[in-house]
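Please read the structure below before turning to the comments.
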Amino acid sequence: MELKDIKIKRNVLLNPGPATTTDTVKLAQVVPDICPREKEFAGLMHGLRGDLLKIVHADPKEYTSVLFTGSGTINIDICLNSLLPEGKKALIVNNGAYSTRAVEVCQYYGLPHIDLRSSVFELPDLALVERTLQENPDIALVYTTHHETGTGILNPIREIGALAHKYGAISVFDTTSSLAMIPIDVQRDNVDFCMASAQKGIMAMSGLSFIIGRTDVIVRSKDYPKRSYYCNLFLQYDYFEKTGEMHFTPPVQTIYATIQALKEYFAEGEDAKWARHLRVNKALHEGLAALGLKEAIDPAIQSGLVISVLYPDMEKWNFERVHDYCYERGFTIYPGKISTTNTFRLCSLGAIDEEDIHRFIPVLREAIEAL
Ligand SMILES: *Cc1c(COP(=O)(O)O)cnc(C)c1O
């Protein structure tokens, strides 16, 4: 029997990553053992780093990508602790759980920061962002989450990036749940730094995260305060430049899967892939409406990738039981992340299409009826 003939049970993951992967990506991990210090492996990582730049249309003369072993949160940690000069402040434009995570990173490192917190149900107030920049000329870094996965809101990074640049700050955006799904162009969208990990938009496995950013800023950050050893952006960048390798052990199998997933990404194409995610999202909206389920966020400001569904007003409602019913039938639904409102989430990441949703909605209906 050949590897390609192996049958793997297919689950439809409607959680916000890790996402459903193709069998070809899963099987790409089954390779002969290799020491990642071999030149052959460095060559693979070199190609991978170049392909990541292409996803966000970054010019390799201005931008670089740096790989890390870890889940997506490692990128938030690295960008904030590595890119803030001595005596300067970070501005966190915060309308959700993932930007709150960035605020917590600032707190843990004792980084001077402003937590510009606003309603998790709305877009941030750009006039207030501008006023805050005017009043605080020591802000050197403006941070927000592109797609706030906790609610499903899509934040205006292009406008926030333009404001950062107007006031001489760099822009750092958490694009973990948008990159390789929603088209991003670092020039057009005023992105100095963005980030993601392999298990979300790219549709590979967890364990590999990466930061794409301006090379000149990374080089300059060499002289910024050193706040972490394992999570220092310049140190990892410099090691890649000098040796072509990660400073410490890379997630070898995940890297093989990611390389296969990138082949599939470019074969599908940026626009066709985004259209597919939107098709899945539309089928979810329609299915929810047919079941009489309501959404927590105004569709006009949604990303098209995550829907926060309000718990139905039903005495017997029990999310766990609905989850278990769907899970047993191959569909994974996910709890909400809005502290003030009871919601669950349905996401359109991964190697799925509208037919999967057409099979899922009747299962969700049965699950609710079974209560
Ligand atoms: C998934 C995600 C992360 C990373 O979460 P991990 O659990 O560390 O992988 C970070 N930011 C956003 C917006 C995300 O959706």
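The values are calculated or read from the model by the stated rules, or taken from the named source; none is laboratory data. Nothing here was measured: the structure is a model prediction, and the numbers come from that model. For neighbour counting, all protein chains shown are included, and Cβ atoms are generated from backbone atoms with ideal geometry for every residue, glycine included. Keep in mind that these areas ignore ligands, DNA and RNA; they rest on the heavy atoms of the full protein, side chains included. Shrake-Rupley method; radii C 1.70, N 1.55, O 1.52, S 1.80 Å.
How many residues are closer than 17 Å to L141 by Cα and open to solvent by less than 50 Å² (accessible area, probe 1.4 Å) if we restrict to the range 107-121?
Looking only at that region, the number is 3.
Conditions (1) within 20 Å of T243 (Cβ to Cβ); (2) assigned to a helix (DSSP H, G or I), marked per residue:
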position: M1; (1), (2): no, no
position: T21; (1), (2): no, no
position: Q29; (1), (2): no, no
position: D33; (1), (2): no, no
position: E40; (1), (2): yes, yes
position: H46; (1), (2): yes, yes
position: G50; (1), (2): yes, yes
position: K61; (1), (2): no, no
position: V103; (1), (2): no, yes
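Looking at Y143, is it in the same structural domain as S209 (by TED's automatic domain parsing) and open to solvent by 10 Å² or more (accessible area, probe 1.4 Å)?
no
Looking at the range 141-158, can you tell me whether even one residue there is more than 22 Å from A196 (Cα to Cα), more than 15 Å from the ligand (Cβ to nearest atom) and of a type in the set (V, I, T)?
No, every residue in the range 141-158 fails to be more than 22 Å from A196 (Cα to Cα), more than 15 Å from the ligand (Cβ to nearest atom) and of a type in the set (V, I, T).
Can you pull out the residues in the range 3-19 that are in a loop (DSSP other than H, G, I, E, B) and at negative phi?
Across the range 3-19, the qualifying residues are I6, K7, I8, K9, R10, N11, L14, N15, P16, P18, A19.
Could you list, in sequence order, the residues of the range 259-273 that are touching a residue at least 60 places away in the same chain (Cβ under 8 Å) and either surrounded by 14 or more Cβ atoms within 10 Å (Cβ to Cβ) or touching a helix residue (DSSP H, G or I) at 6+ places or on another chain (Cβ under 9 Å) (or both)? Don't jump to the end; show me each part of the working.
Step one: of the range 259-273, the residues touching a residue at least 60 places away in the same chain (Cβ under 8 Å) are 259-262, 264-266, 270-271, 273.
Of everything in the range 259-273, those that are touching a residue at least 60 places away in the same chain (Cβ under 8 Å) and either surrounded by 14 or more Cβ atoms within 10 Å (Cβ to Cβ) or touching a helix residue (DSSP H, G or I) at 6+ places or on another chain (Cβ under 9 Å) (or both) turn out to be I259, Q260, A261, L262, E264, Y265, F266, E270, K273.
So, of the residues in the range 203-219 that are open to solvent by 10 Å² or more (accessible area, probe 1.4 Å) and over 17 Å from F240 (Cβ atoms), which turns out to be nearest to the ligand (Cβ to nearest atom)? Working first, answer last.
Just the residues of the range 203-219 that are open to solvent by 10 Å² or more (accessible area, probe 1.4 Å), to begin with: 203, 205-207, 214-216, 219.
Retained after the next criterion (residues that are over 17 Å from F240 (Cβ atoms)): 203, 205-207.
On the way: M203: 14, M205: 12, S206: 7, G207: 10 Å.
Within the range 203-219, the match that is nearest to the ligand (Cβ to nearest atom) is S206.
Give me the residue from the range 67-90 that is of a type outside the set (G, A, S) and touching a helix residue (DSSP H, G or I) at 6+ places or on another chain (Cβ under 6 Å) and, out of that set, nearest to the ligand (Cβ to nearest atom).
Restricting to residues being of a type outside the set (G, A, S) and touching a helix residue (DSSP H, G or I) at 6+ places or on another chain (Cβ under 6 Å), the top hit is I76.
Looking at V309 and the list (1) more than 30 Å from L111 (Cβ to Cβ); (2) open to solvent by 20 Å² or more (accessible area, probe 1.4 Å), which single condition is not satisfied?
(2)
Suppose we filter K226, K222, K200 for residues that are within 16 Å of the ligand (Cβ to nearest atom) and open to solvent by 20 Å² or more (accessible area, probe 1.4 Å); which single one remains?
Sole residue among the options that is within 16 Å of the ligand (Cβ to nearest atom) and open to solvent by 20 Å² or more (accessible area, probe 1.4 Å): K200.
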